[in-house]
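The values are calculated or read from the model by the stated rules, or taken from the named source; none is laboratory data. Because the structure is predicted, anything quoted here is derived from the model rather than measured. We place every Cβ from the backbone using ideal geometry, glycine too, and count neighbours over all the protein chains shown.
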Amino acid sequence: MLCAGVLASCGNGANTPAAADSTNTTTTTDSLQHMVLIPGGSFVMGAADDMALADEQPVHTVHVDSFLMDEHEVTNAEFAAFVAATHYVTTAEKPISKEEIMRELPPGSPEPDSSLLQAGSLIFSPPDHAVPLDDVSQWWAFVPGASWRHPEGPGSSITGREQHPVVHISWDDANAYARWAGKRLPTEAEWEYAARGGLAEQPFTWGGEAITAGQPKANTWNGHFPYENTKTDGFYNTAPVKTYTANGYGLYDMAGNVWEWCADWYDANYYQQVPNAAQNPEGPAKGFDPADPSAPKRVIRGGSFMCSDEYCSGYRVTARMKTTPTSGLANLGFRCVKDIK
């Protein structure tokens with residue numbers, strides 16, 4: 001299902017040409033998946049360097065208690081097991097009513113085209129030439145029938161991608177999976193603390209070395225976005241989990257591959273309001289995106305295979321992004337955490 005605010009808020013996502021037509025999905029649980037201990041502690045959240053955006057400031061000290069976190073993003077195989085056990089239907093697989101979408105649009109907006117009321121999701125439709133990077137409609141396309149089962153729309157499938165992260169997952173879908181698994185989504189503070197891997201005030205999960213230096217460190221966009229991808233890191237869209245080196249806590253893909261849902265509402269001004277030395281902050285009481293104030297959004301973190309140093313650099317450990325809770329995107333997934341009792 002298409003959300004009203006998604007094109008205004010999420011500027012990166014991708015797909016490849018459609019795979020062979022198949023609706024087969026494995027229900028085998030991912031034998032690679034397990035949770036790792038993230039030891040509690042205090043850290044400096046946010047950034048004050050030249051790359052920092054306004055919503056990453058000011059820096060502030062936060063304390064989080066110890067918790068467990070999935071070592072990698074939830075895979076297609078894991079999500080298929082959840083669906084097989086519960087018969088869950090994702091947001092992208094449900095049509096949307098005209099009344100529902102009008103509630104998310106600014107007052108006075110024209111009624112949506114009937115094509116946008118069909119079940120489906122947003123995929124990346126890359127141009128073959130340079131385009132202005134301030135107009136995300138140049139590369140996003142709503143495709144009826146696109147979902148976690150069919151990542152690039154009808155005719156595509158997840159066959160052969162069982163160990164890739166599941167995508168086209170809404171915040172509601174991620175929460176449903178987490179509850180079934182006896183887990184929950186991470187808070188934004190927990191996510192950033194875990195992504196840092198024990199490194200203090202570094203811009204990336206691996207430290208300070210630029211994304212383009214040395215060996216590939218994450219699955220990101222290589223070349224000129226959005227029309228040229230040299231696949232220097234080996235992949236055009238998603239990569240199998242655990243392809244790249246883990247961070248200091250043993251977590252994979254905390255940078256790149258797919259954006260990950262957090263539990264928190266997104267408020268662009270939240271860092272100005274949160275008290276210093278906050279204990280286990282859970283984010284603001286409601287969402288506020290000044291660029292799209294009519295559509296409250298949830299936080300997503302980590303960047304995706306569409307992030308590059310010339311476009312979004314969402315793989316920075318402090319980078320904040322947001323989208324509406326019902327959004328389904330070709331580069332959006334999640335991982336879970338669990339309290340230690």
*Answer yes if at least one residue in region 309-325 is part of a strand (DSSP E or B) and either modelled with pLDDT under 95 or closer than 13 Å to D172 by Cα (or both), and no otherwise.*
yes
*asked:* Regarding region 127-147, can at least one residue be identified that is in contact with a helix residue (DSSP H, G or I) (Cβ under 6 Å, 6 or more places away or on another chain) and modelled with pLDDT of 95 or more?
replied: yes
*Within region 243-262, can you find the residues that are surrounded by fewer than 21 Cβ atoms within 10 Å (Cβ to Cβ) and either of a type outside the set (A, V, I, L, M) or in contact with a Ser or Thr (Cβ under 7 Å, 6 or more places away or on another chain) (or both)?*
T243, T245, G248, Y249, G250
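Filter region 51-73 down to the residues that are of a type in the set (A, V, I, L, M) and not in a loop (DSSP other than H, G, I, E, B) and list them by number. Don't jump to the end; show me each part of the working.
Initial filter on region 51-73 (of a type in the set (A, V, I, L, M)): 51-54, 59, 62, 64, 68-69.
Scanning region 51-73 gives A54, V62, V64, L68, M69.
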*Which of (1) outside any helix (DSSP H, G or I); (2) out of contact with any Gly (no Cβ under 7 Å at 6 or more places or on another chain); (3) at pLDDT 95 or above; (4) aliphatic (A, V, I, L, M) does A48 not meet, given it meets every other one?*
(3)
*So D30 fits all but one of (1) surrounded by 22 or more Cβ atoms within 10 Å (Cβ to Cβ); (2) modelled with pLDDT under 95; what number is the exception?*
(1)
*Of the criteria (1) more than 19 Å from the chain's Cα centre (by Cα); (2) surrounded by 13 or more Cβ atoms within 10 Å (Cβ to Cβ), which one E282 fails*: (1)
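Results for (1) modelled with pLDDT under 95; (2) under 27 Å from T187 (Cβ atoms), shown as yes or no for each residue.
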position: P58; (1), (2): no, yes
position: A77; (1), (2): no, yes
position: A81; (1), (2): no, yes
position: V89; (1), (2): no, no
position: E93; (1), (2): no, no
position: K98; (1), (2): yes, no
position: P112; (1), (2): yes, no
position: S115; (1), (2): yes, no
_Given the criterion out of contact with any Pro (no Cβ under 9 Å at 6 or more places or on another chain) and touching a residue at least 24 places away in the same chain (Cβ under 8 Å), identify the matching residue among F142, F124._
F142
*asked:* Just checking, does region 289-308 include any residue being surrounded by fewer than 19 Cβ atoms within 10 Å (Cβ to Cβ), part of a strand (DSSP E or B) and in contact (Cβ under 8 Å) with a residue 40 or more places away in the chain?
replied: no
*asked:* Residues to consider are W148, W221, W139; find the one that is touching a Phe, Trp or Tyr at 6+ places or on another chain (Cβ under 7 Å) and over 27 Å from T318 (Cα atoms).
replied: W148
*Please state which one of Q272, Q279 is in contact with a His (Cβ under 6 Å, 6 or more places away or on another chain), at pLDDT 95 or above, among the polar types (S, T, N, Q) and more than 23 Å from H150 (Cα to Cα).*
Q279
*Quick one: in region 285-308, which of the residues that are within 18 Å of T212 (Cα to Cα) and among the polar types (S, T, N, Q) is modelled with the lowest pLDDT?*
S308
*Which one is surrounded by the most Cβ atoms within 10 Å (Cβ to Cβ) among residues in region 109-136 that are touching a Phe, Trp or Tyr at 6+ places or on another chain (Cβ under 8 Å) and of a type in the set (S, T, Y)?*
S121
_Flag if P106 is at pLDDT below 90 and not aliphatic (A, V, I, L, M)_ = yes
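Evaluate the following for D253: is it assigned to a strand (DSSP E or B) and either at negative phi or in contact (Cβ under 8 Å) with a residue 24 or more places away in the chain (or both)? Give the derivation first.
Values: assigned to a strand (DSSP E or B): no; either at negative phi or in contact (Cβ under 8 Å) with a residue 24 or more places away in the chain (or both): yes.
No; evaluated as a whole, the condition is false for this residue.
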*Mind listing just one residue for me: the one in region 192-216 that is charged (D, E, K, R) and within 13 Å of T318 (Cα to Cα) and, of those, surrounded by the most Cβ atoms within 10 Å (Cβ to Cβ)?*
E192
*Right, P226: at pLDDT below 95, under 29 Å from T326 (Cα atoms), part of a loop (DSSP other than H, G, I, E, B) and touching a strand residue (DSSP E or B) at 6+ places or on another chain (Cβ under 9 Å) or not?*
yes
_Every residue from region 224-242 that is farther than 20 Å from S137 by Cα, surrounded by fewer than 20 Cβ atoms within 10 Å (Cβ to Cβ) and free of Cβ contacts under 8 Å to residues at least 40 places away in the same chain_ = T230, K231, T232, G234
